[in-house]
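For reference, the structure discussed in these notes is given below.
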Amino acid sequence: MSILDRYLASAVIGGTLLTLAVLLPLLGFFILADEMDQVGNNGYAFTDALLFVTLSLPRYAYQVFPIATLIGALVGLGQLAGRSELVAMRAAGVSIGRIVKGALFGGLALAMVAVLVGEGAAPPAEQRALTMRQAAQTGSDIQVTGYGFWARDGDRFVNIREIQSGAQLRDISIYRVRGKQLITATHAQAASYRGGQWVLEGIQRSHLSETQVDVERIDEAGWDSLLNPQLLKVIVVEPQVLPVWGLFRYMRYMQQSGQDAGRYEVAFWGKVVHPLLILAMIFVSIPVLMGSARSTGLGVKIFFGIVIGIAFYLVSRSFSYLALLYAFNPALAAALPPLLFVTAAMLWLRRVG
């Protein structure tokens, strides 16, 4: 990477970080304002709401990263344009393609950061936020760890490894205790909520005494539990926030069991395409700058960037709904919006060039 490439990349990265530093506190303020309606419910205090907002911010940072990159590229490169540095580069024989390449180097670094946030930080933070809020508002003794969901249900301790929706569970273990003595240990392959009651499937139950362990196997049985689908639904992270490998695993399971995996497929391909959106947004920012390097101020360019970002969001959402409602190919639905915007940017660049 040449000095010029590093200079352009640093301008894009600096502008994006500055944009995120402005956007995230604003988002946090609005989320906190909305959360204030829940403060005072049982033990849910202001500090709990503040912690919930803080833990939710990685998810919002991941979601707004492409738009923040677009605005950040306009801010960073716009400052160069305002100081006539881009004009000087063109006068020195630097092509528009070379400027785009340098800016995209910065986009690659930002894309890697976005992947780390979206795949590493956001899912566990969001799960922790939802669990903490639910426990504070209801007083339920629940916890989510790396080994699944744990809850106390009367004299039983329940461990659920996979909550695929509020009413579909997999890999459930139920431990019944009396005092400090383990009485029964039950494992079920799956559970579903039918007719106001949980039904366990593929059950292996061990009855423990001081002298022996008796094991019985049952195909299906009812499960009287204080846990309800509404409680579990609240702490289930939306598909858009799950990591790619989690989405892929859910897709495979739902397809094999004959269930509709449309939401998970759309979310999966959206996550796959997400890093490319960041590069697409940088590419889109170049014709906005080059088309009006001197005639308009930085504020107008940022306004154009916000309008383009909103338009991109609406188009992306529209294609997502098309994929869900009309069985449109989810991979194509995720890839078409950035392709359309990049194509429009290339045509604009040709006109500018």
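Derivation of every value follows stated rules applied to the coordinates shown; laboratory data play no part. Just so you know, these numbers come straight off a predicted model, no measurement behind them. Glycine also receives a Cβ, built like all others from the backbone with ideal geometry; neighbour counts cover every protein chain displayed.
Values computed for the structure shown
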{"quantity": "Relative packing of peptides 240-246, 28-34, 308-314 - highest average C-beta neighbours within 10 Å first", "calculated": "240-246, 308-314, 28-34"}
{"quantity": "Debye, to nearest 20: dipole size of the range 155-225, +1 on Lys, Arg Cβ, -1 on Asp, Glu Cβ", "calculated": "220"}
{"quantity": "Peptides 2-14, 339-351 ordered by average Cβ neighbours within 10 Å, highest first", "calculated": "2-14, 339-351"}
{"quantity": "Total charge dipole magnitude, the chain, about the Cα centre, Cβ charges on Lys, Arg, Asp, Glu only, Debye to nearest 20", "calculated": "1440"}
{"quantity": "Computed over the range 155-225: relative contact order in percent, which uses C-alpha pairs under 8 Å that are six or more apart", "calculated": "22"}
{"quantity": "The range 155-225 - convex hull of the alpha-carbon atoms, volume per residue in Å³", "calculated": "78"}
{"quantity": "Tensor-based shape of the range 1-134 (alpha-carbon gyration tensor, a/c under 1.5 rounded, otherwise prolate or oblate)", "calculated": "prolate"}
{"quantity": "Among 157, 282, 78 - extreme Cα towards positive end, dipole of the chain, charges at beta-carbon", "calculated": "78"}
{"quantity": "Dipole of the chain, positive end: most advanced residue of 43, 18, 192 [Cβ charges, Cα centre]", "calculated": "18"}
{"quantity": "The chain: calculated mean residue ellipticity at 222 nm from DSSP helix runs of at least 4, using -39500 (n - 2.57)", "calculated": "-21000 deg cm²/dmol"}
{"quantity": "Rel. contact order, % - alpha carbon contacts under 8 angstrom, at least six apart, the chain", "calculated": "18"}
{"quantity": "Among 153-161, 62-70, 179-187, 104-112, the order from most to least packed when residues are scored by Cβ within 10 Å on average", "calculated": "62-70, 104-112, 153-161, 179-187"}
{"quantity": "Note, ³J(HN,Hα) from phi for the range 103-112, Karplus 6.51, -1.76, 1.60, rounded to Hz, x at Gly and Pro", "calculated": "5, 5, 4, x, x, 4, 5, 5, 4, 5"}
{"quantity": "Whole-Å distance, taken between Cα centres, linking the range 108-139 and the range 34-58", "calculated": "15"}
{"quantity": "Three-way shape label, the chain, alpha-carbon gyration tensor, a/c 1.5", "calculated": "prolate"}
